[in-house]
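Just passing along the structure, written as structure tokens.
Only the coordinates and a few stated rules stand behind these numbers; no lab work does. This structure is a prediction, so every number in the text was calculated from the model and none was measured. Note: ideal-geometry Cβ built from the backbone for every residue, glycine included; neighbour counts use all protein chains shown.
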């Protein structure tokens, strides 16, 4: 037993179980079991259902990892991170959840200001974004709390330490974010101390549970409101009500030769698959969650190929894949209102509390999709378009979500698109520019533009006076025929009124000349005096008499 105690103090292996649910769009370690091997300074990862002498599916090992007597381990499935306590280096190393090989941490918490002193158990609170560390170093017994993202030589945000705390060789810790409680197993005593989540300074526990032997690891099952305690000295797992205190008896006990328990140092409950996992020296045994008495495990991971060395401690992680965090999508327009044909860029930004969101964005005009985009490294997607029709468009952006984040819909941007009329050109021609009075002349106005054949009406003018109008035909032309122009010069023009596409335009001037009419006047006889008139009348009488006489003579001759 003494030798087992020594092994448990120097060969520490913490195990973290991932839930069964798969997450889309992220590097989430699905259905995997993580083990930190103290003697080998490595982390080995297995399928959750691994059994027998099964080799790990990946191993994190090497100088670059910085692993130094790795103890407590937590897999933060919300942020896809693997968090490891290094007992010998007084550091906390953080890796990507699927890290393997000789991979360096993404960040390291360590230094004199951190207050880390022989860190052992750790817990990550993804609800409040905090990291809890149990420091077990003689008189330096403490629980230090940091921002989850803390790195470098960062001081804790608060520290729980002092005689009133009752801390005595704190090893295993568990965070209950449902009831805002912190559970600490005291390896230097036989108690489980419970504190408020935000406890700090020399604060006494809110309750103390006395256990039979050295309760060294704890797991809080908030689904079934139970507290699991791993007892090393008598190789047992005792299960209590979550709110147990004092000398409350366990609800059930798992112990006996058939269980395969051997100085268990760690315990965790997979609430998705209703299983209990226990670390035993160089093995991991698995039971039904409600197992009790001398019950044999349903499977045992053990053997040389497993790479397990001193698997005697379990770290607490969620037994199931956490629900995605809430996201917020905000949409903005580069210019509003805009003009028809003008490019507008819509920018959708996604934010949340669990790191930079990833995934895809769909942009909609009402219910119609107008484009999609992929979030960049800042959680932003853009869409540029110049095809929105004239009018008001209710634009939204829908984030599809990811394994980390739930989807979300943005605010509505009512994009107003105003008309931009295109320029037109009007040309006037005439089939004749000189004509006789009453001669018909045909005037033709032709309208053109860059956005197709114009439509609409044309007004014909003689100077400032309107003399007619016409509707543009399929070729963009309108004609007017006139035969009523007065003699003289006329300055003709045509004015296009425009339409929904084109601005109006005025034509060139066409000068038409109508010839003048020539009139010949009658010559009047000069006026005669009265005597002349009498003489003229007498002459006429005499001439008439003479003519009559001549006619009579010629008729009397034979």
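Could you list 361, 175, 332 in order of exposure, starting from the residue whose Cβ has the fewest other Cβ atoms within 10 Å? Display every interim value, and only then the final one.
Working: 361 28, 175 23, 332 15.
Ascending number of Cβ neighbours within 10 Å: 332, 175, 361.
Find the relative contact order for the stretch 373-476 and round it to a whole percent, using C-alpha pairs within less than 8 Å whose residues are 6+ positions apart.
Numbers: 127 pairs, mean separation 16.5, N = 104.
In percent, rounded to a whole number, it is 16.
Give me the extension gain from residue 288 to residue 465: residue separation times 0.36 nm, minus the current Cα-Cα distance, reported in nm with one decimal. Mind showing how you got there, number by number?
On the way: separation 177, 0.36 × 177 = 63.72 nm, distance 10.16 nm.
In short, 53.6 nm is gained.
For the chain, what does the relative contact order come out to in percent, with C-alpha contacts under 8 Å and a separation of six or more?
On the way: 1566 pairs, mean separation 53.1, N = 558.
RCO, the chain: 10 percent.
Any idea what Rg and Dmax come out to for the stretch 2-306 if you just take the C-alpha atoms, in Å?
17.7, 49
Give the order of 302, 386 when sorted by the count of other beta carbons within 10 angstrom, beginning with the fewest.
On the way: 302 20, 386 12.
Final ranking by Cβ density, sparse to dense: 386, 302.
Return one number: the angle in degrees, 0 to 90 and rounded to the nearest 10, between the long axis of the Cα atoms of helix 530-556 and the longest principal axis of the Cα atoms of the chain.
The helix 530-556 is inclined about 70 degrees to the chain.
In whole Å, largest first, what are the principal axis extents of the Cα atoms in the stretch 332-442?
Per principal axis, max minus min of the Cα coordinates gives 91, 23, 18 Å.
May I ask you to order 86-92, 221-227 by the average number of other C-beta atoms within 10 Å around their residues, highest value first?
86-92, 221-227
Among 247-254, 102-109, what's the highest-first ranking by average C-beta atoms within 10 angstrom per residue? Spell out each step's value before the answer.
On the way: 247-254: 15.8, 102-109: 17.2.
Top of the packing list down: 102-109, 247-254.
While we're looking at this one, here's another question. Please rank 441, 395, fewest neighbouring Cβ atoms within 10 Å first, as an exposure proxy.
Details: 441 21, 395 25.
By the 10 Å Cβ count, ascending, the order reads 441, 395.
Okay, moving on. Would you please report the Å³ per residue occupied by the convex hull of the alpha carbon atoms in the chain? Mind showing how you got there, number by number?
Values: hull volume 167.7 nm³, N = 558.
It comes to 301 Å³ per residue, whole-number rounded.
Then there is this: Measuring from centroid to centroid over Cα atoms, what is the spacing of the stretch 250-280 and the stretch 413-469 in Å?
The stretch 250-280 and the stretch 413-469 have Cα centres spaced 93 Å from each other.
Go ahead and estimate [θ] at 222 nm for the chain from helices alone: -39,500 (n - 2.57) per DSSP H run with n ≥ 4, summed, over the residue count, rounded to 500. Write out the running numbers ahead of the final one.
Values: 2 runs with 36 residues, N = 558.
Calculated at 222 nm, the ellipticity per residue is -2000 deg cm²/dmol.
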